Amino acid sequence: MTLTAGIDVGTGVVKAAIFRVEGDREEWLSKCNLRIRSRDPMQLAREAFDQALADAVVKEEDIDYVATTGEGEAIPFHTGHFYSMTSHARGARFLNPATRAILDSGALHGRAMITDDKGKVINYKMTSQCASGSGQFLENIARYLGIAQDEIGALSVKGDDPEEVSSICAVLAETDVINMVSRGITAPNILKGIHLSMASRLARLLKSIGVKGDVIMMTGGMGLDEGLCQALRESLAKMKGMEDSQVVNHVDSIYAGAIGAALWGAFRHRKLAASGQLLKAS
């Protein structure tokens, strides 16, 4: 039996997960996520890890491997680090074994990945550096509209006459939104337009890596944004060769990176044990 922890330090949120792995059985014991805002991510990683340990009723010294991903390589108590792309792919397939493609949408970027039948990432591509396709941009717009972040998706799906914003530049997109407000465009239609603009970019990203008629799992901070998921479904339905693609998410989509790190950590621990090179988290 292996007890392992995964800690995913993202741009906006730190996530932690504790797993017990025995043979082919992977048991998720606990989870914790903390928003970074202006706080120290390394301190939050410690707090998230401690909370996950407490919820799992496990002592730190009992953890065989602490695996980090994202920006977590600098965490002082980690055992090993895994590339976030690999971690998200593994975590997505844990949440939905039918997953073939993964769309990791975070605070600053979007990243599309496609795997083979064994879950190995065989191709990937990221959005450009422009923030108009990011969660942070969408959060800023919602703040301008006076809308809580958890209301964005529900309002967006109610949009019946959306106006798409600029998909090129965050500054131009924000100008578009200001103009829409002045013209009396409703918040649902503004948010729907933003989601459609983002979805158009993400759909092209998916097509560019060879996604075609696959199950696409949404992960990351925007994985539960139903407005974005619905807009992506609409965009793919209009794209030749992508009509049969299925966009899904999971209530725990935000934890995909932490889950994948923990499971890869268990795998590496078993390899080290087999070679007589056991490591223990300090």
Study note, to complete from the structure: Under the 7 Å Cα-to-Cβ spin-label approximation, residue 175 and residue 50 lie apart by a distance in nanometres of 4.8 nm
Exercise for review: On a 0 to 90° scale, report how tilted helix 256-274 is relative to the longest principal axis of the chain, with both axes built from alpha carbons and the result rounded to the nearest 10.
Suggested key: 20 degrees
Point to revise | Calculated [θ] (222 nm, deg cm²/dmol) that DSSP helices of n ≥ 4 give over the chain, each run adding -39,500 (n - 2.57) | key: -12500 deg cm²/dmol
Practice item. Return, for the Cα atoms of the chain, the radius of gyration and Dmax in Å, separated by a comma. Key: 19.5, 69
Exercise for review: Check cross-link reach from residue 59 to the lysines: straight Cα distance under 30 Å, and skip same-chain residues fewer than eight apart.
Suggested key: 15, 31, 271, 280
Practice item. With θ set to phi - 60°, apply the Karplus curve 6.51 cos²θ - 1.76 cosθ + 1.60 along the range 227-236 and write out the HN-Hα couplings as whole Hz, x wherever there is a Gly or Pro. Key: x, 5, 4, 5, 5, 5, 4, 5, 5, 5
Check your understanding: Once both labels are modelled 7 Å past Cα along the beta-carbon direction, what's the residue 123-residue 157 spacing in nm?
Key -> 3.1 nm
Review point. So how much accessible area does residue 181 have, in Å² to the nearest 10, using a 1.4 Å probe?
Key: 60 Å²
Check your understanding: Where the accessible area of the chain is counted over protein heavy atoms with a 1.4 Å probe, how much of it, in %, is carbon and sulfur?
Key -> 50 percent
Point to revise | Residue-level accessible surface for residue 176, protein heavy atoms, 1.4 Å, Å² | key: 50 Å²
Check your understanding: residue 186: accessible area at probe 1.4 Å, nearest 10 Å²?
Key -> 70 Å²
Check your understanding: What is the packing order of peptides 25-33, 115-123, taking the mean over residues of other C-beta atoms within 10 Å and listing the highest first?
Key -> 25-33, 115-123
Practice item. Whole Å is fine, so just give me how far the alpha carbon centre of the range 146-161 lies from that of the range 68-122. Key: 28 Å
Point to revise | Mean accessible surface per residue for the chain, computed with a 1.4 Å probe while every protein chain stays in place, in Å² | key: 45 Å²
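The values are calculated or read from the model by the stated rules, or taken from the named source; none is laboratory data. No experiment lies behind these values; they were computed from the predicted model shown. Glycine also receives a Cβ, built like all others from the backbone with ideal geometry; neighbour counts cover every protein chain displayed. All accessible areas refer to the heavy atoms of the entire protein, side chains included, with ligands and DNA or RNA removed. Shrake-Rupley method; radii C 1.70, N 1.55, O 1.52, S 1.80 Å.
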